[in-house]
Structures are given as structure tokens and as C-alpha cells.
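Here's the structure, in C-alpha cells; my notes come after.
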Amino acid sequence: MPKYLVVTPTYNEKENIENIIRKVFSLPIGAHMLIVEDNSPDGTADIVKRLMGEFGDRLFIMERKGKMGLGTAYLAGFKWALEHGYDYVCEMDADFSHNPDDLPRMFGACEEGKGDVIIGSRYVDGKISVVNWPMGRLIMSYYASVYVRLVTGMKVYDATAGFVCYSRKVLEKMKFEKVKFVGYAFQIEMKYTVTKLGYRIHEIPIVFTDRVLGESKMSMKIFKEAFFGVFSLRFRDWRSY
């Protein structure tokens, strides 16, 4: 069984899904992919199923009944990864905002023990590596991570990052049923949980490029969940984790 699994949630990603799958499988690391598909009306699942005939036992799909949130998609993917014996699991978007060429560095850093969790970071050491974002969104994202560091005390520059590689031992330790957030606050919650469990997070620099095709899933509701949810993390009883 190969060590590496890439988990990619999708909802209406027909413009990107074939290209991202082919790109991942062109890399020399032998990773598998699990697409967690939320019943996209645009036919994303049909494209994945067609490609499964080409890529055999390297490509898998988990079809869900509807749009159930980013966090639940990743948790479902993590459970699947543990059940199927993978050693390292990497979250990655379908829209090329995360460059698949960074996957060997992500998996490699995790396997080499640089951290138990590796973040592909847009803001390592305070440097900003984002392409094609409007200035307003860039400022909001950067200072959101500053805000998270101040509130939680985490020494993580890119707390809202969605390009993250987990070692199996971290996912095995986590109690997924206790994860409360489903939007982008999920990313903050997972990182905070990792630190509370005593595992090490290491950030490596990436260049984040905003999507060219398809529509962004970001909304004010998602942003508010992240903003206000950070406070609640400080007041949880982490002894039960």
C-alpha cells in the first residue's frame, strides 16, 4: 500500500478536477487521491468516475448526499485514509490554488520528521506569498492569521491554511467527533487541536495562487465562523481530548 494520500473535496469543480488529478498522478511520489464529492450538479463526479477507469486503484471517490461543509469532507477523508492504511494524508484544494508540485516537499517534510503536521504556508516568517488576490482579501487573510496567533497563542503563521499534511499518528490520536467547525474555522481548530495534543507543526513556504476557473466557496458566513469561533477554542475542556 502506498504511503501517501491526497484528499480533495469538490463541489462544482468540473473546470479543474481532471487537470488536478492528472497533475498529481504525473508526480514521481506515487500518491493516491481521494475525491470527496458533495453531489455537484455540474457533473464533477462523472469526470472523476471516468478517470477512475484510467487510473485504476490510485483514484477513489467518496460521494456524499449534498454540500455538507469543508470540515466534514476532510474528516470523512481522514477516516477513510486511516481505514485504508495510509501513513501520510495531505489536504489539497481542487482549484490549483495549492500547487501539486509542492506535494513532494509536503510529504517529504512529514516523513523526515520535520513536523508531525506540515503546513504549506503563505505567511512563513511574516512574508506574504499570494498571487491574484484582491488587496482586501489579502489583508483580511493575513491579519486573520495574526489574530489567531494572538488569541490562541499558537506559533503558526498561516493558521487558516488549507494545504496541510498529517502523519497517521496525529489523525489516529484525534477524536474527530469533537471537531465542531465545518467552514474555514475547521482549519484553525485542527491546528489548535494538534498543538494541544502535543504534536509539532512545521511550516514550509508555498506560493498560493487564486483560482482561475470556477467559483470561490468563501463567504461572509464562513469568515464569521472563523472569527468568532477562535475565542471558543480557548475555553474548551481539552482534558477530554
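At a glance:
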{"item": "Those GluC sites (Glu not before Pro) in region 21-126 that DSSP places in a loop and that have at most 11 other beta carbons within 10 Å", "result": "GLU112"}
{"item": "Rg(Cα)/(2.2 N^0.38 Å) for the chain, N = residue count", "result": "0.95"}
{"item": "Helix-only [θ]222 nm of the chain, DSSP H runs n ≥ 4, -39500 (n - 2.57) each, per residue, nearest 500", "result": "-12500 deg cm²/dmol"}
{"item": "3J(HN,Hα) from dihedral phi, region 152-168, Karplus parametrisation 6.51/-1.76/1.60, rounded to Hz, x for glycine, proline", "result": "8, x, 5, 9, 10, 6, 10, 5, 9, 4, x, 10, 9, 10, 10, 7, 4"}
{"item": "Cross-link pairs LYS114/LYS175; LYS155/LYS196; LYS3/LYS191; LYS67/LYS196 - those with Cα-Cα distance over 18 Å", "result": "LYS114/LYS175; LYS3/LYS191; LYS67/LYS196"}
{"item": "Amide H contacts under 5 Å for VAL6, placed H, 5+ residues apart", "result": "HIS32, MET33, LEU34, CYS90"}
{"item": "GNM top mover of ASP95, ASP57, ASP116 - the chain, alpha-carbon springs below 10 Å", "result": "ASP57"}
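Values quoted throughout were computed directly from the atomic coordinates according to the rules given, and no laboratory measurement underlies them. Predicted model only: the values in this text are computed from it and were never measured. Heads up, the Cβs are rebuilt from the backbone with ideal geometry, glycines too, and the neighbour counts pull from every protein chain shown.
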